[in-house]
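To start, the structure itself, in structure tokens.
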Amino acid sequence: ATHRATMGEVSELSPQAPLAVLSKVELRVSCRHLLDRDTLNKSDPCVLLLMQSQGQWMEVDRSEVIKSNLNPVFAKIFTVDYYFEEVQKLRFEVYDSHGHAGVGTHDDDFLGGMECTVGQIVAQKRVTKPLFLKYGKFAGKSTITVISEEISGNNGYVELAFRAKKLDDKDLFSKSDPFLEIYRLDDDGSEQLVYRTEVVKNNLSPIWEPFKVSLNSLCSCQEKRKLRCVVWDYDSRGKHDFIGEFFTTFEEMQKAMGENKVQWDCLNPKYKIKKRNYKNSGVVVLLDLKIHRVYSFLDYIMGGCQIHFTVAIDFTASNGDPRNSCSLHYINPYQPNEYLKALVAVGEICQDYDSDKKFSALGFGARIPPKYEVSHDFAINFNPDNDECEGIQGVVESYQSCLPKIQLYGPTNVAPIISKVARVAADEERTKEASQYFILLILTDGVVTDMADTREAIVRASYLPMSIIIVGVGNADFTDMQILDGDDGILRSPKGEPVLRDIVQFVPFREFKNASPTALAKCVLAEVPKQVVEYYSYKAFPPRCPQPHAPDPNLGSPQ
């Protein structure tokens, strides 16, 4: 948990700073109503994926070109390394490709672009946005849809090896050029392309390359979900000939484990009606299937687990009078103070994962109106029934407006706030499912006074769905705070009971004073995903299976 790195190791300038790659996300892209740039036939679209790095857009990958098609469903799966602790900007650009020259990036071939963040796609699972041309002009009615599914090496994935035998011949002068597509049938009746194999040229008994797909992508983790498999004869003009299809389930495919094979008749419904003794248009054989499964942080997020964020701010007298420019709580119109910098850096990341974007904001160590008694867990918006603020901005505004109304006092007791969030987390735990996880960010200028109670509260909290981040603000000696962060041995309660899992991360803000805010966020949030997985694994709560989304009319078969 603690990073005792010197600034040089953490700053943006050193690309060597190891980041926790959480997992990988698969992005699938489809478009509707693309502009038609070609005079004789339809556009041949291709999608480029760019990521922002040090303020520059860099191309990361590109899709295949789909011939003459204005509503393409790309088979290409873009794989993006996903980091919880930073904002990752993406840009998708669609171009009309011209064969051998590759994708020209000329303006007249540009069919439109769209920007978003990885966090947005992951949290929403499906994003549909309009495509824009240069200078913010809409590209007609063109839209792009990006669907995310997570494939961290941990999430279960399956390896499949197919071949076919005696397929119908669709070509006059040579044999068919078959490829296989697998579609998942969603609850709303729509189809999602899971995989498209390569084309095997001039062969009626092709053996396709083995491939891996995540279980989530193949069948939404439901073994009985229907799958439609279609064999096509490839045509370079995009008018592929239908050879035949069959339906199956992942449950049925699993019979191919070990030495067994499973096979299906590949059927063309039209021939079935027309031809009297029609048997099939070939058979498709599943030669082998291997399964691997474990869960990851993204499985939980995509299963609908919300991250609820609470911030707790230290209003003890040692911060100095807020009206004095030496105070850590001084409101400088030109420059946010350390409390605000730390709050915004960490909060901006968390808000992508909380659908209502409401944050609980608490204060401790001050005398508060109306009676001016000391409180160690008051709502900084002074609403005892609802301590939530709208977004990070709401927290910042409540902070600024509460400062003149309170009297900074003491002591620095944080156990009451930890226990308060723990009570909410304990109610959540009783639901017995992975639906809400709590992050408590404590901003404090000094060493905790109630160390024994705090240790006890942390040990209790380690059994609940919560993590605690403590940022030390100002120049105090924080040596004693390092004890709370379980790295130097295991944190124990005063009675000697150890924490169940290490849930505390302590960082002195001064180590990040000259770094960018993203460096602080990366450092304090890097452990959270592991803590979430440890908690739910200990509880043996699987992720909830992702909720089906609304139907998408454009996921039909190739044009």
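The values are calculated or read from the model by the stated rules, or taken from the named source; none is laboratory data. In this text, all values refer to a predicted model and were calculated from it rather than measured experimentally. Cβ sites come from the backbone with ideal geometry, for glycine too, and all protein chains shown count toward neighbours. Ligands, DNA and RNA are stripped out before the accessible areas are found, and what is left, the full protein with its side chains, is counted by its heavy atoms. Shrake-Rupley method; radii C 1.70, N 1.55, O 1.52, S 1.80 Å.
Among the residues of the stretch 316-338, those that are open to solvent by less than 30 Å² (accessible area, probe 1.4 Å) and among the polar types (S, T, N, Q) comprise THR316, ASN319, SER327, ASN337.
In this entry, SER318 passes the filter for residues that are assigned to a helix (DSSP H, G or I) and more than 13 Å from VAL396 (Cβ to Cβ).
So which of VAL499, VAL473 is more than 25 Å from GLU429 (Cβ to Cβ) and of a type in the set (A, V, I, L, M, F, W, C)?
On the way: VAL499 fails: more than 25 Å from GLU429 (Cβ to Cβ).
Step by step, each of VAL499, VAL473 is checked, and only VAL473 is more than 25 Å from GLU429 (Cβ to Cβ) and of a type in the set (A, V, I, L, M, F, W, C).
Among the residues of the stretch 443-456, the ones that are buried (at least 16 other Cβ atoms within 10 Å of the Cβ) and in a helix (DSSP H, G or I) come to 5 in all.
Just to be sure before I move on: is PHE78 under 13 Å from GLU150 (Cα atoms) and modelled with pLDDT of 85 or more in the structure I sent?
Working: under 13 Å from GLU150 (Cα atoms): yes; modelled with pLDDT of 85 or more: yes.
When the stated conditions are applied, PHE78 passes them.
Among residues that are surrounded by 19 or more Cβ atoms within 10 Å (Cβ to Cβ), hydrophobic (A, V, I, L, M, F, W, C), modelled with pLDDT under 90 and part of a strand (DSSP E or B), VAL29 is not included.
Inspect the stretch 477-485 for any residue being hydroxyl-bearing (Ser, Thr, Tyr), open to solvent by less than 30 Å² (accessible area, probe 1.4 Å) and either over 20 Å from ILE418 (Cα atoms) or free of Cβ contacts under 8 Å to residues at least 40 places away in the same chain (or both) and give the result as yes or no. Before the answer, list the steps.
Let us first name the residues in the stretch 477-485 that are hydroxyl-bearing (Ser, Thr, Tyr), namely 479.
This time we only want the ones that are open to solvent by less than 30 Å² (accessible area, probe 1.4 Å), so: none.
No, that holds for no residue.
In a strand (DSSP E or B), within 29 Å of the chain's Cα centre (by Cα) and not hydroxyl-bearing (Ser, Thr, Tyr): which single residue out of LEU440, LEU408 fits that description? I'd like the intermediate steps shown before the answer.
Working: LEU408 fails: within 29 Å of the chain's Cα centre (by Cα).
Residue meeting the stated conditions: LEU440.
Inside the stretch 250-280, residues that are surrounded by fewer than 16 Cβ atoms within 10 Å (Cβ to Cβ) and touching a helix residue (DSSP H, G or I) at 6+ places or on another chain (Cβ under 8 Å) make up a count of 1.
For the stretch 226-267, how many residues meet the condition of being out of contact with any His (no Cβ under 8 Å at 6 or more places or on another chain), among the acidic types (Asp, Glu) and assigned to a strand (DSSP E or B)? Spell out the reasoning first.
Step one: filter the stretch 226-267 for residues out of contact with any His (no Cβ under 8 Å at 6 or more places or on another chain), giving 226-231, 235-267.
Cutting the leftovers down to among the acidic types (Asp, Glu) gives us 235, 241, 245, 251-252, 259, 265.
Restricting the remaining residues to those that are assigned to a strand (DSSP E or B) gives 241, 245, 265.
Summing the residues that are out of contact with any His (no Cβ under 8 Å at 6 or more places or on another chain), among the acidic types (Asp, Glu) and assigned to a strand (DSSP E or B) in the stretch 226-267 gives 3.
Here SER68 passes the criteria (1) at pLDDT 90 or above; (2) open to solvent by less than 30 Å² (accessible area, probe 1.4 Å) except the one numbered (1).
Scanning the stretch 129-184 for residues being assigned to a loop (DSSP other than H, G, I, E, B) and within 28 Å of the chain's Cα centre (by Cα) gives a total of 7. Taking the stretch 505-522 as the range and being within 25 Å of the chain's Cα centre (by Cα) and in a helix (DSSP H, G or I) as the test, the residues that pass are PRO517, THR518, ALA519, LEU520, ALA521, LYS522.
A quick yes/no check of all residues on (1) farther than 18 Å from LEU443 by Cα; (2) open to solvent by 10 Å² or more (accessible area, probe 1.4 Å); (3) modelled with pLDDT under 95:
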| residue | (1), (2), (3) |
| --- | --- |
| ASP299 | yes, yes, yes |
| CYS305 | yes, no, yes |
| ALA312 | no, no, no |
| GLY365 | no, no, no |
| ILE368 | yes, yes, no |
| HIS376 | no, yes, no |
| VAL395 | no, no, no |
| SER398 | no, yes, no |
| CYS402 | no, no, no |
